[in-house]
Amino acid sequence: MSKNKLGSIYLALAATIWGGMYVISKVVLTVIPPLELVWLRYIIALLVLSAMAVLTHQSWRIRKRDIPLILTIGITGYALSIWTQFLGTKLATAQMGAIITSATPAFMVIFARLLLKETMTLRKGLSVILATIGVLCIVGIGDISTTYQLGGLILGVAAVTWALMSVLIKRVPSTYSQLVVTTYAIFTATIFITPFAASQASQIPVAVMAQPAIWGGILYLGIVSTALAFFLWNKGLQMVEAASGSLFFFFQPLSGTLLGWLFLGEHVGLPFGIGSVLILAGVLLVIREP
């Protein structure tokens, strides 16, 4: 099998896993609050990522001048973005979570212009407008509850903050191991949210935590959707061009919507479909720009 085909399989698997993450988290969030679930997910992911870094003999050295950047990545992307992602999914639906956060690449255009001074073309500007209208179409329609609308807006915050984090990562020196940078960023997020999560952890019933299905979901989120998916995504991007690799991001909303409909019985309405098409069209404009 060629290097390009193998890389494509890695990317498709990673994005599909992230789509399934919304369905799994929707179930687990019925008994575990969003912040506590993020904390449990990261504790497990840290153990796995650290073991992977040690086994592959990665260098843990980070220059002092780069520490503030990694701290910002951890707090913005792995703490704020993932927490709002879980909170929004709890209030809304797995479909909505997968679709709205798929607008992330389009929002990256704005931050790339502001932080990296990349050229803002007409095509890029149009992509942001389409993605924004798509998000508003999904969360602003009148036939969904106020709770769903709030969840959609919170998911929009998750998409924007993840886009900011993704652009900040471009400032990290390429000499660092991506595995180590990810581990440090997740460690930062874990330390940041620990005081808030610990104060409410006692409210989780012990009997509920003992359920195999709940722990199975937590292990999926920590090992599969965090440690494994990050590894597959980073490995795949090393084997194909970045622009081509971005296309596989769309496996996330597709798998999230399909699994949400299949396992949770979530309804797929016309406004949801229109918003989804607009978001995907906006992101495709960015990816396919010459």
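Read-outs throughout are calculated quantities, based only on the coordinates presented, and are distinct from any laboratory measurement. Not measured: the values here are computed from a predicted model. In this analysis, Cβ positions are derived from the backbone assuming ideal geometry, glycine residues included, and neighbour counts consider all displayed protein chains.
Where does each of 150-156, 45-51 land if you order them by average Cβ count within 10 Å, highest first? Each step should come with its number before you reach the end.
Numbers: 150-156: 22.6, 45-51: 18.4.
Order by mean packing, descending: 150-156, 45-51.
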What's the extension gain from Leu114 to Leu262 if we count 0.36 nm per residue and subtract their Cα-Cα distance? 49.2 nm
I need the phi-derived Karplus couplings for segment 64-75: 6.51 cos²θ - 1.76 cosθ + 1.60, θ = phi - 60°, integer Hz, Gly and Pro marked x. 4, 5, 9, 4, x, 5, 5, 4, 5, 4, x, 6
Rounded, prolate or oblate: which fits segment 1-129 when a ≥ b ≥ c are the square roots of the eigenvalues of the alpha-carbon gyration tensor, with rounded for a/c under 1.5 and prolate only if a/b beats b/c? rounded
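Do the alpha carbons of any pairs in Lys5/Lys26; Lys64/Lys170; Lys3/Lys170; Lys3/Lys117; Lys5/Lys117; Lys26/Lys117 sit beyond 27 Å of each other, and which pairs? Provide the component values of the computation, followed by the final result.
Numbers: Lys5/Lys26 32 Å; Lys64/Lys170 18 Å; Lys3/Lys170 24 Å; Lys3/Lys117 33 Å; Lys5/Lys117 33 Å; Lys26/Lys117 38 Å.
Beyond 27 Å: Lys5/Lys26; Lys3/Lys117; Lys5/Lys117; Lys26/Lys117.
Quick one: Ile214, Ile100, fewest Cβ neighbours within 10 Å first, how do they rank? Intermediate values should be presented prior to the final figure.
Numbers: Ile214 17, Ile100 31.
In order of increasing Cβ crowding within 10 Å: Ile214, Ile100.
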For segment 33-76, rounded, prolate or oblate, judged on the Cα gyration tensor with a ≥ b ≥ c (square roots of eigenvalues), a/c < 1.5 rounded, else prolate if a/b > b/c? oblate
